[in-house]
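Asker: Take this structure first; my questions come after.
The values are calculated or read from the model by the stated rules, or taken from the named source; none is laboratory data. Source: prediction; values computed, not measured. Here Cβ is always computed from backbone atoms with ideal geometry, including for glycine, and neighbour counts include all displayed protein chains. What goes into the accessible areas is simple: the full protein's heavy atoms, side chains included, and nothing from ligands, DNA or RNA. Shrake-Rupley method; radii C 1.70, N 1.55, O 1.52, S 1.80 Å.
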Amino acid sequence: MPPHDPHSYTDLSQARIEHIAFRLEVDFEERRIHGRASYRLDRPCRGPLDLDTRGLDILAVHSAGAPLRWDLGADEPILGQRMRLADLGGRREVEIQFRTRPEAGALQWLTPEQTGGGQHPYLFTQCQPINARTVFPCQDSPSVRFTYEAEVLAPTPLTAVMAAAVRGAEDAGPARRFRFSMPQPIPSYLFALAVGDITRRDLGPRTAVFTEPYLADDAAWEFAQTEQMLAEGERLFGPYDWERYDMLVLPPSFPYGGMENPRLTFMTPTIVAGNRALVNLIAHELAHSWTGNLVTNATWEDFWLNEGWTTYAERRIIEVLEGPEGANLRAQTGRNTMFRDMRNFGMDSDPTRLKFSQKGIDPESVVSYVPYEKGYSFLVALERVVGRSAFDRFAREYIGDHRFQSLTTEAFVDYLQRKLPAAARAVNLRAWLYEPGFPDDAPSFPSSLADAVSERLFDYQEQGRLPQREQVADWTSSQTYLFLQMLPRPLPLEDCRTLDQILDMAHTRIVVNLSNFLNISIRSGYQEVLPRVEALVGSVGRMFVIEPVFRALATTPWSRPLARPLFERYRERHHPITVSTIEGVLHREGL
Ligand SMILES: [Zn+2]
């Protein structure tokens, strides 16, 4: 059977992994995880079994107590090495002993200085999209799901947490043994582990936040609306199938806003802003519990099914918290970001399509706002054809019918045509799903909050008049964000200085706004911001925040010579994913 997934050696005609029992020992000195995994397959296995690995040391393979033959194929740059197990002779069990390498793509090992607390080392995983294979051999394709149990040995006094149910912990010599089980089947990219100085605060009957102790109180306040969001998610999409929804706030080098690891979302600490301005991130990760984790893309080529639906669900939850005006404002800023990404790729390029062939393409290199925002707009276009109540019924049924399954774009289209034929006929499916760029007849998102911002922009662009401080004093962070997004660049130097004061940029805790302001400032030659640029890229790892800053530095003549040395000063602080992204930006600019 030809491979169904361009990013995995998984062969769906072979047996599939059904359950894994892990024993993992976390070794901060060697920066390795020493692991043993016992696999149970979904059927008796005859003939070879192919697994994904990349940069993983395989030490031994056994089945039924006897050594089993295996080999590793050529090392491909994106895929890694195929691990082929010899004929299991009709058995369903196999045990593999392995060891991760210090440079494993999914693992970030932090020194105490790289954490917020500064006292203890920290380890966290990021397996999406294709990095689980650097932690353990697996069928690393989102179309294969397994349950698991795990024993994790971590040095005292550290705490291990996993995106799984906690089953207990006990002392084991100089270490502590933590036990977990994951009763709901997950694709490999949702495997997640963190070890560090981690404490817990309960938020509600089904929700809690885990974080380094210094941030615990602030995080608990910031995340207080989570239980309400969970209730809204259930009202929209049906029962919450994962029992608990906890969140882990990571140290600053976490490269994303959030990662929807089931039962334990991983979050950037930049979300703890002191004003709940970034709760849309929580809504987004929570929404993945239905759209993504429960109903999953079959391959990374179908990523929009995951992120487009999740952005739709996020905005529906935000609508309850902030009203339609707030949700539509966020839809506008999201679309602006999507257009920025499309322009960076080229408006006719493949990554502006919702689905395109990714054979030979690293899925991380084409991550952008396109699957999120073009996918979102497509779903809103469908909703507006049939009306909200019909679409809500469709969404609930779609999720109910595909629980714990993975599907392709084509399977979704087929389902849509059967269940919502009027919408499937009225909307140009081919243009939305397969063509580059953005349809002219895409839905718009009216918002009086956005209109207020447009008026101030009009004043500036037509009459050169910047807003007065009192005109922006009651703006939400999202309004400020939209204003910064829409400002022309470069600006006159004096205007940068004035805006700096009017918007109180020296004191903002909303790093996405600061990032936008720094971008404008760099492009405008407002060099006074340099210390703030340095502070930001030295302390925040979230790519969405620092990538545009590096892009501005690298493309503006005065700052161009500064970009590479600045990056090198902080390279060690950052996650491998962030490092390779910034390297890409600098490389493209010849730096
Ligand atoms: Zn997402």
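Asker: Once the Cα gyration tensor of region 311-463 is found, what semi-axes does its equivalent ellipsoid get, as square roots of 5 times the eigenvalues, in whole Å, sorted largest first?
Answerer: On the way: eigenvalues 149, 97, 39 Å².
Equivalent ellipsoid of region 311-463: 27, 22, 14 Å, largest first.
Asker: Sticking with this one: Among 341-349, 130-138, 481-489, how do they line up by average Cβ neighbours within 10 Å per residue, starting with the highest?
Answerer: Those peptides, ordered most packed to least, come out 130-138, 481-489, 341-349.
Asker: Calculate for the chain the 222 nm mean residue ellipticity that helices alone would give, adding -39,500 (n - 2.57) per DSSP H run of length 4 or more and normalising by residue count, nearest 500 deg cm²/dmol.
Answerer: On the way: 18 runs with 221 residues, N = 591.
Mean residue ellipticity, 222 nm, calculated: -11500 deg cm²/dmol.
Asker: Calculate what fraction, in whole %, of the accessible area of the chain sits on carbon and sulfur atoms when a 1.4 Å probe is rolled over the protein chains.
Answerer: Using a 1.4 Å probe with all protein chains present, the chain comes out at 49 percent carbon and sulfur.
Asker: Report the accessible area of THR159, computed with a 1.4 Å probe over the heavy atoms of all protein chains in place, in Å² rounded to the nearest 10.
Answerer: It works out to around 40 Å².
Asker: Give me the percent relative contact order of region 331-422, please, defined on Cα pairs under 8 angstrom at least 6 residues apart.
Answerer: About 26 percent, as a whole number.
Asker: What whole-number value in cubic angstrom gives the convex hull volume per residue for the C-alpha atoms of the chain?
Answerer: 148
Asker: Next question, about the same structure. When ranked by the protection proxy of mean other Cβ atoms within 10 Å per residue, highest first, what sequence do the peptides 261-267, 361-367 form? Could you put the intermediate results ahead of the total?
Answerer: Numbers: 261-267: 25.6, 361-367: 17.1.
Going from most to least packed, we get 261-267, 361-367.
Asker: With N residues in region 468-560, what two-decimal value do you get for its Cα radius of gyration over 2.2 N^0.38 Å?
Answerer: Numbers: Rg = 12.4 Å, N = 93, 2.2 N^0.38 = 12.3 Å.
Compared with the compact-globule rule of thumb, region 468-560 sits at 1.01.
Asker: While we're on this one: Only four residue types carry charge here, +1 at the Cβ of Lys and Arg and -1 at the Cβ of Asp and Glu. Report the dipole size of region 394-449 about the Cα centre in Debye, rounded to the nearest 20.
Answerer: About 220 debye.
Asker: Please say if region 355-444 is rounded, prolate or oblate, where rounded means a/c under 1.5 for a ≥ b ≥ c the square roots of the C-alpha gyration tensor eigenvalues, and otherwise the choice is prolate for a/b larger than b/c and oblate otherwise?
Answerer: Numbers: a/c = 1.95, a/b = 1.31, b/c = 1.48.
Verdict is oblate for region 355-444.
Asker: Grab every C-alpha pair in region 223-298, bin the distances at 10 angstrom width from 0 up to the longest one, and report whole percents.
Answerer: 19, 54, 24, 2
Asker: With a Cα-only, solvent-free Debye model of region 98-144, what are the log10 I(q)/I(0) values at q = 0.22, 0.27 Å⁻¹?
Answerer: -0.76, -0.94
Asker: A further question follows. Could you grab the Rg to Rh ratio for region 411-516? Cα atoms only, Kirkwood for Rh.
Answerer: 1.18
Asker: Could I ask something else about it? What ranking, highest mean first, results for peptides 403-409, 269-275, 555-561 when packing means the other Cβ atoms within 10 Å averaged over each residue?
Answerer: Highest mean packing first, the order is 269-275, 403-409, 555-561.
Asker: Give me D for region 160-200 in µm² s⁻¹, whole number, from Stokes-Einstein with Rh from the Kirkwood sum over alpha-carbon pairs, 20 °C and 1.002 mPa s.
Answerer: Taking Rh from Cα pairs, D becomes 186 µm²/s.
Asker: How much accessible area per residue does the chain have, in Å², with a 1.4 Å probe?
Answerer: 38
Asker: Sum up the charges of everything whose Cβ sits under 12 Å from the Cβ of HIS574, counting Lys and Arg as +1 and Asp and Glu as -1, but leave HIS574 out.
Answerer: Here the count lands on 0.
Asker: Can I get the semi-axes of region 296-358's equivalent ellipsoid? Compute them from the C-alpha gyration tensor as square roots of 5 times the eigenvalues, in angstrom, largest first.
Answerer: Numbers: eigenvalues 126, 57, 5 Å².
Its equivalent ellipsoid spans semi-axes of 25, 17, 5 Å.
Asker: Beyond 24 Å, how much of the Cα-Cα pair distribution for region 37-141 remains, as a whole percent?
Answerer: 32
Asker: How much of the DSSP bridge set in region 182-269 is antiparallel, in percent, rounded to the nearest 5?
Answerer: 45
Asker: Given points 7 Å out from each Cα along the Cα-Cβ axis, report the TRP558 to GLU170 separation in nanometres with one decimal.
Answerer: For the pair TRP558/GLU170, the computed spacing is 6.5 nm.
Asker: To continue, here is another question. Summing +1 for each Lys or Arg and -1 for each Asp or Glu, what net charge is found among the other residues whose Cβ lies under 15 Å from the Cβ of SER349?
Answerer: Around SER349, the charge tally is +2.
Asker: While we're on this one: Tell me the Kirkwood radius of region 506-591: reciprocal of the mean inverse pair distance over distinct alpha-carbon atoms, in Å.
Answerer: Computed over Cα pairs of region 506-591, the Kirkwood hydrodynamic radius comes out at 12.6 Å.
Asker: What Kirkwood Rh does region 136-182 have if only Cα atoms enter the pairwise 1/r average? Answer in Å. Kindly include the intermediate steps, with their values, before the conclusion.
Answerer: Numbers: mean 1/r = 0.0838 Å⁻¹.
Result for region 136-182, one decimal place: 11.9 Å.
Asker: Right, here's the next one. Relative contact order of the chain: what whole-number percent is it, with Cα pairs under 8 angstrom and at least 6 residues apart?
Answerer: 10
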